[in-house]
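Accompanying notes for the structure given below.
The values are calculated or read from the model by the stated rules, or taken from the named source; none is laboratory data. As the structure is a prediction and not an experimental result, all values here were calculated from the model. A quick note on method: Cβ atoms are made from the backbone with ideal geometry, for glycine too, and the neighbour counts reach across all protein chains shown.
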Amino acid sequence: MSTQADRQSIRDLAAQWRDWAARPVMKERKRLWRAVHDVKAERPVILFETAWIDDYVADSELRCQDPFLRTVEKNMRITLRQAEELGDDLVVEPYYRLGWRMLFSDYGVPVKIGGLTGADKSIAYSFSFPIATPADIARLRRRIVAVDREKTLRLHATLQDIMGDILPVKLGNYDPFAYEFDVGEFGDLGFNGNFFFGLTWQLYRFIGNARLLYWVCDEPQAIHKLMAYMLEDRLATFEFFEKHGLLDFNTDSQMAGPRSYGYVSDLPAADCGRAATLKDLWGWAESQEFEMISPAMYREFVLPYLARLSERFGLVYYGCCERVDNRLEAIIEAIPNLRSVSVSGWSDLKKCAEILGKRYVYSRKPTPAYISGSSPDWDALKKDMKATRAAARNCNLEILFRDVYTTAGDRKRLRRWVDMTKALFEM
């Protein structure tokens, strides 16, 4: 039950959010993001992902006692602090977004997740890997997907009552990762609006890394069966959203891919005023878990399934942390609606730039280890951005700094990195 103090805290934050959203710079940033995603970039855009940083907004700073409002408060404080401090191309929309609360059964073979405890619980996990032999695949069952409309609408009504006269609350989509990790009843990881394919993500959780490597040689049909099962599961899940009217356009500050915004002219705008379909949305394909197999094996065991799922969406963002330069041409050929490609430090930056050219978005992911921990390596950070500039300066470039989990209490380093990167790119 919320208290008057809780309500006032949320209303105060909503007023700050509304004021930030009304600033002219937000309209300009949206235009710049859209230009990059329209492959007509005017300059690179930069965004730092702060939601994962454990000390960015400490629990001791929160005032709300109600668990749901406390989650909303933390999400709002993270966005507002970033707007105030970082100087990146963060966009604050003139509304707050709430995802549907979903209900998922297991896959017939429960995957038990264990992890660290305490401050490091979000960065290390172990899984039970229940499929130990190809025969175990027969134990898989089709997942049951449902939406908890009553709870979601109640939460939406609560927020609307508290702050709707200041900041409207939009409802739609969901946070897929909130159901993968133990983030609490009302928790989320900031991935709302993201349609993450996660085929090999789940395959790894079924069979483990050793079998991923061995079975492509020893049990190839088992891998195909598992990939076909996961393709059917994801199609059924995404089609459930479409059939039941749960979709919302992710062409705003929702995630089109791993932290990339969705602004683009080739899909309907978020405020177009009609119901969304999957063809109106961005989808996110990747295969981090199979980065270590050969390009030929990737084309056999992974790419056909990603391509099938990609067909259901309007545009596709590909990749996350895996190397892509040795299979990028095959990805481009197989996924005609590809628009953005993640280029991490594991990839050949120059080769990716040559392949992507001006036809696609070069979505650069700086190396998080250089800025994390007690002592940032500023030489390495500068070298990383200089290499990006040399390789991709003439590309449709977005720079998305992700997977930073701690700043050791030194938030100023984030602004320093933003300022350094802007100076290097003469922004």
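Can you name the number of the only condition in (1) surrounded by fewer than 17 Cβ atoms within 10 Å (Cβ to Cβ); (2) touching a Leu at 6+ places or on another chain (Cβ under 8 Å); (3) at pLDDT 80 or above; (4) not acidic (Asp, Glu) that Ile123 fails?
So the condition that Ile123 fails would be (3).
Just wondering, is there one or more residues in the stretch 109-130 that are out of contact with any helix residue (DSSP H, G or I) (no Cβ under 7 Å at 6 or more places or on another chain), hydroxyl-bearing (Ser, Thr, Tyr) and in contact (Cβ under 8 Å) with a residue 60 or more places away in the chain? It would help to see each step written out before you state the result.
Going through the stretch 109-130, the residues out of contact with any helix residue (DSSP H, G or I) (no Cβ under 7 Å at 6 or more places or on another chain) turn out to be 110, 112-126, 128.
Of the ones still in play, those that are also hydroxyl-bearing (Ser, Thr, Tyr) are 117, 122, 125-126, 128.
With the extra rule that they be in contact (Cβ under 8 Å) with a residue 60 or more places away in the chain, the set shrinks to 122.
Yes, the conditions are met somewhere in the stretch 109-130.
Looking only at the stretch 21-70, filter to residues that are among the aromatic types (Phe, Trp, Tyr) and in a loop (DSSP other than H, G, I, E, B); which one of those is surrounded by the most Cβ atoms within 10 Å (Cβ to Cβ)? Please lay out each step first, then the result.
Let us first name the residues in the stretch 21-70 that are among the aromatic types (Phe, Trp, Tyr), namely 33, 48, 52, 56, 68.
Imposing the further condition that a residue be in a loop (DSSP other than H, G, I, E, B) reduces the set to 52, 56.
On the way: Trp52: 18, Tyr56: 22.
Out of the qualifying residues, it is Tyr56.
Test Leu267 against the criterion of being touching a Leu at 6+ places or on another chain (Cβ under 7 Å), surrounded by 18 or more Cβ atoms within 10 Å (Cβ to Cβ) and closer than 21 Å to Val324 by Cα, and give yes or no.
No.
For the stretch 270-291, does any single residue satisfy the condition of being surrounded by 24 or more Cβ atoms within 10 Å (Cβ to Cβ), aliphatic (A, V, I, L, M) and without any contact (Cβ under 8 Å) to a residue 60 or more places away in the chain?
No, the conditions are met nowhere in the stretch 270-291.
Of the residues Tyr204, Tyr214, which is in a helix (DSSP H, G or I) and touching a residue at least 40 places away in the same chain (Cβ under 8 Å)?
Tyr204 is the lone residue from the list that is in a helix (DSSP H, G or I) and touching a residue at least 40 places away in the same chain (Cβ under 8 Å).
Tell me whether the stretch 350-359 contains one or more residues that are modelled with pLDDT of 95 or more, over 19 Å from Arg416 (Cβ atoms), crowded, with 18+ Cβ neighbours inside 10 Å and not aliphatic (A, V, I, L, M).
yes
Scan the stretch 395-416 for residues that are of a type outside the set (Lys, Arg) and modelled with pLDDT of 95 or more and report the count.
The total comes to 8.
Considering only residues that are touching a residue at least 24 places away in the same chain (Cβ under 8 Å) and surrounded by fewer than 19 Cβ atoms within 10 Å (Cβ to Cβ), look in the stretch 6-15 and name the one that is farthest from Gly257 (Cα to Cα).
The residue in question is Arg7.
Filter the stretch 223-252 down to the residues that are surrounded by 23 or more Cβ atoms within 10 Å (Cβ to Cβ) and in a loop (DSSP other than H, G, I, E, B) and list them by number.
Listed by number, the residues that qualify are Asp248, Phe249, Asn250, Thr251.
Mind listing whichever residues of the stretch 121-164 are more than 15 Å from Tyr107 (Cβ to Cβ) and charged (D, E, K, R)?
Within the stretch 121-164, Lys121, Asp148, Arg149, Glu150, Lys151, Arg154, Asp161 qualify.
Quick check on the stretch 388-400: of everything there that is crowded, with 24+ Cβ neighbours inside 10 Å and not aliphatic (A, V, I, L, M), which residue is nearest to the chain's Cα centre (by Cα)?
Checked the stretch 388-400; the qualifying residue nearest to the chain's Cα centre (by Cα) is Glu398.
Taking the stretch 296-330 on its own, how many of its residues are within 18 Å of Leu203 (Cβ to Cβ), in a helix (DSSP H, G or I) and either within 22 Å of the chain's Cα centre (by Cα) or hydroxyl-bearing (Ser, Thr, Tyr) (or both)?
8
Would a scan of the stretch 388-409 turn up a residue that is part of a helix (DSSP H, G or I) and without any contact (Cβ under 8 Å) to a residue 12 or more places away in the chain?
Checking the stretch 388-409: not a single residue is part of a helix (DSSP H, G or I) and without any contact (Cβ under 8 Å) to a residue 12 or more places away in the chain.
Can you find even one residue in the stretch 213-231 that is polar (S, T, N, Q) and within 24 Å of Ser344 (Cβ to Cβ)? Don't jump to the end; show me each part of the working.
First pass over the stretch 213-231, keeping only residues polar (S, T, N, Q): 221.
This time we only want the ones that are within 24 Å of Ser344 (Cβ to Cβ), so: none.
Scanning the stretch 213-231, I find no residue that is polar (S, T, N, Q) and within 24 Å of Ser344 (Cβ to Cβ), so the answer is no.
Residues of the stretch 217-274 being aliphatic (A, V, I, L, M) and in contact with an Asp or Glu (Cβ under 7 Å, 6 or more places away or on another chain), which ones?
Val264, Leu267, Ala270 - these are the residues of the stretch 217-274 that are aliphatic (A, V, I, L, M) and in contact with an Asp or Glu (Cβ under 7 Å, 6 or more places away or on another chain).
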